1. Name every residue in the range 342-354 that is closer than 23 Å to residue 268 by Cα and surrounded by 17 or more Cβ atoms within 10 Å (Cβ to Cβ), in order of residue number.
2. Would a scan of the range 64-76 turn up a residue that is open to solvent by less than 50 Å² (accessible area, probe 1.4 Å), part of a loop (DSSP other than H, G, I, E, B), out of contact with any His (no Cβ under 7 Å at 6 or more places or on another chain) and over 17 Å from residue 358 (Cα atoms)?
3. I'm checking my understanding of the structure. Among residues of the range 139-153 that are of a type in the set (A, V, I, L, M, F, W, C), out of contact with any Lys or Arg (no Cβ under 8 Å at 6 or more places or on another chain) and buried (at least 24 other Cβ atoms within 10 Å of the Cβ), which one is nearest to residue 96 (Cα to Cα)?
4. Working only within the range 322-378, note down all residues that are polar (S, T, N, Q) and within 14 Å of residue 181 (Cα to Cα).
5. Please verify whether the range 53-61 includes one or more residues that are touching a strand residue (DSSP E or B) at 6+ places or on another chain (Cβ under 7 Å), closer than 18 Å to residue 27 by Cα, open to solvent by 40 Å² or more (accessible area, probe 1.4 Å) and not in a loop (DSSP other than H, G, I, E, B).
6. Counting only residues that are modelled with pLDDT under 90 and open to solvent by less than 70 Å² (accessible area, probe 1.4 Å), how many does the range 5-26 have?
7. Looking at the structure I just gave you, is residue 91 in contact (Cβ under 8 Å) with a residue 60 or more places away in the chain and either loosely packed, with under 11 Cβ neighbours inside 10 Å or at negative phi (or both)?
Amino acid sequence: MSLAASGIQRYLAARATLRRVAYEASLHGERLRQPKRRPCVVMFPSNQPWSSSSNLRAWLVAPELQRLGWRVVVVPEPLSLEQRLRILRLERPDVIWLQQTRHPLNQAHLYTPTPCVLDADDADYLDPLHHEQVAKCAADSAAVVGGSQFVAELLGRHNTRQHVLWTCTPKPQHPPQVAPEDRAPIVAWAHERPMLFPHEASLMRGVMVEVCRRTPCTFWLFGSEPAEADAWLQPIRDAGGECEAIPLMPYDAYLGKVAQAAVGLQPVCLQNEFSRGRSFGKILAYLSGQVAVVASDAVEHPKFFRSGQNGYLATDDIGQWVEPVVRLCEDRALRRSIALAGWRDFHERLTTEVFARRLDPILRNVIDCYRVARGVSL
């Protein structure tokens with residue numbers, strides 16, 4: 001290795017160390033500002049808040065658990081195992097929340113004897129690269145939580161104490177500035193990386209070509225740079241549609257942009273087995289923005305949507321998508337009715353407050369079982 005390369009490596013290592021030290025110092029400040037109370041949960045998100053999964057199932061859940069009487073410490077992703085163990089020695093938590101196993105340190109056996117709850121909202125279990133560590137962590141955990149019934153059952157192969165908690169998002173402080181019926185006929189596919197799902201991308205392009213042949217509208221493709229999306233969007237433009245590719249953006253900005261759309265699309269094509277693990281991650285943006293939803297009649301969607309009332313459900317048949325999308329673009333009264341029904345059900349079932357209320361007894365039960373197993377008085 002050259003001297004220059006060696007110097008760069010030392011610089012990067014030193015910068016990473018300083019970053020970890022800074023994060024830990026900030027975390028100690030947050031810890032000291034919290035009241036000392038029980039029960040206490042330490043959360044290990046797999047990523048920082050800019051990751052939607054870690055944000056929605058850990059970072060944003062913490063304040064809601066605090067309102068329910070918990071002491072909650074959320075540990076930033078960059079911290080080392082030594083730093084994590086130091087936090088655990090200081091906190092002596094009653095339970096640990098492991099949000100996914102994508103972080104190499106999110107393994108329950110590292111934190112024995114403190115009971116851990118493994119949370120997963122995707123089908124990483126099916127990926128050969130991740131299967132072994134997911135399975136081991138599930139087996140070593142006191143309980144497992146899946147973002148869908150499908151994921152909970154996968155984890156349940158290794159841990160019978162399984163639960164389902166749909167991904168949720170914070171309750172909006174105010175309704176969107178523009179009412180659903182007053183919006184331009186904008187149809188959005190608010191996916192983070194749509195081109196990585198070819199079955200769904202093909203279905204959505206076919207749907208939008210037919211929609212644009214029947215009614216004037218604009219199509220927003222999220223999660224894509226204009227240069228990479230232009231060729232894919234061309235058939236929709238040829239059919240008369242206006243198109244816009246929207247790159248990745250911070251979550252709050254993403255929510256604000258989605259809330260300008262009239263119709264939101266959420267396809268799930270089960271030819272890709274990984275898609276079977278989805279729940280409501282992308283749909284949350286639509287519902288919180290009062291966007292009328294058309295979604296696949298698959299995964300958890302039928303458990304929430306009542307087709308024709310708070311959204312529409314469709315099979316992989318293009319025609320089943322085209323009809324409700326065209327109607328929602330053209331019929332403002334229908335759009336308002338569908339969007340507001342979805343908005344009301346979202347508040348009852350899919351907000352972070354709801355997630356925390358349902359997580360609370362799961363964590364408490366794990367604590368109680370742990371104490372009983374060790375003969376500790378409750």
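1. First, pick out the residues of the range 342-354 that are closer than 23 Å to residue 268 by Cα: 342-343, 345-346, 349-351.
Within the range 342-354, 342, 343, 345, 346, 350, 351 qualify.
2. yes
3. So in the range 139-153, the residues of a type in the set (A, V, I, L, M, F, W, C) come out as 139, 142-145, 150-152.
Keeping just the survivors that are out of contact with any Lys or Arg (no Cβ under 8 Å at 6 or more places or on another chain) gives 139, 145, 151-152.
Add one more test, that the residue is buried (at least 24 other Cβ atoms within 10 Å of the Cβ), and what stays is 145, 151.
On the way: 145: 13, 151: 20 Å.
Here the answer is 145.
4. So the first thing to find is which residues in the range 322-378 are polar (S, T, N, Q), and the list is 337, 351-352, 365, 377.
Residue satisfying the conditions is 337 alone.
5. Taking every residue of the range 53-61 in turn, at least one turns out to be touching a strand residue (DSSP E or B) at 6+ places or on another chain (Cβ under 7 Å), closer than 18 Å to residue 27 by Cα, open to solvent by 40 Å² or more (accessible area, probe 1.4 Å) and not in a loop (DSSP other than H, G, I, E, B).
6. 7
7. yes
So that you can scan it fast, the table gives a plain yes or no per residue for (1) within 22 Å of residue 150 (Cα to Cα); (2) modelled with pLDDT of 95 or more; (3) of a type outside the set (S, T, N, Q):
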| residue | (1), (2), (3) |
| --- | --- |
| 287 | no, yes, yes |
| 304 | yes, yes, yes |
| 313 | yes, yes, yes |
| 318 | no, yes, yes |
| 333 | no, yes, yes |
| 348 | no, yes, yes |
| 351 | yes, yes, no |
| 370 | no, no, yes |
| 374 | no, no, yes |
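The values are calculated or read from the model by the stated rules, or taken from the named source; none is laboratory data. These numbers were taken from a predicted model, which means no experiment stands behind them. Ideal geometry is used to build each Cβ from the backbone, glycine not excepted, and the neighbour counts take in all protein chains shown. To get the accessible areas, we keep the full protein, side chains included, count just its heavy atoms, and leave off ligands, DNA and RNA. Shrake-Rupley method; radii C 1.70, N 1.55, O 1.52, S 1.80 Å.
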